[in-house]
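Written below as structure tokens is the structure these notes are about.
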Amino acid sequence: MSEFRKKFEKASAPYLVRLHSMPRWVLPLVLTLLLLLGLLSNPTQPAGLWVGFFALTFIGLVLVWLLILSWPLLSSSSRALRSFVALLIFFSAFSRF
């Protein structure tokens, strides 16, 4: 295991413990609401542009964080699919500009 991976897992541990202590439906519900907020906000208005951008970027960062943590356990097809979804979220966020 690389030094980066060890540090990343150690830094992520408190957040994973907190996520694990929440009810199972909280994270998917929050991410779904943020996705809807990000996709349905009006990009022609300055507030809607930034709200949508930050909501989608936050979702993308959470997905990348979980992807990095689960990388060794995933098959190559799962890695490709999850990477594609994260890239799609980031593309949606940055295409608002």
*Specify which labelled value, from (i) 27, 16, 12; (ii) 21, 16, 10; (iii) 24, 16, 15, agrees with semi-axes √(5λ) of the Cα gyration tensor in Å derived from the coordinates of the model shown.*
(i)
*Between P43, L87, L67, whose Cα lies farthest towards the positive end of the dipole of the chain when Lys and Arg beta carbons carry +1 and Asp and Glu beta carbons carry -1, centred on the Cα centre?*
L67
_For a test of the definition: using alpha carbon positions, the gyration tensor, and the 1.5 limit on a/c, classify the range 54-94 as rounded, prolate or oblate._
oblate
*the range 1-47 shape via C-alpha gyration tensor axes, a/c threshold 1.5*: oblate
*Counting pairs of alpha carbon atoms under 8 Å apart in space and at least six apart in sequence, what relative contact order in percent does the chain give?*
24 percent
*Pairing the Cα long axis of helix 3-21 with the longest principal axis of the chain, what angle in degrees results, from 0 to 90 and rounded to the nearest 10?*
70 degrees
*Based on the mean of other beta carbon atoms within 10 Å per residue, what is the order of 11-23, 31-43, 74-86, 58-70, most packed first?*
58-70, 31-43, 74-86, 11-23
*asked:* With +1 on the Cβ of every Lys and Arg and -1 on the Cβ of every Asp and Glu, and nothing else charged, how large is the dipole of the chain about its Cα centre, in debye rounded to the nearest 20?
replied: 220 debye
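A short reminder: the numbers here are calculations on the coordinates, not readings from a lab. Worth saying up front: this structure is predicted, and the values here are computed from it rather than measured. As a convention, Cβ positions derive from the backbone with ideal geometry for all residues, glycine included, and neighbour counts pool all protein chains shown.
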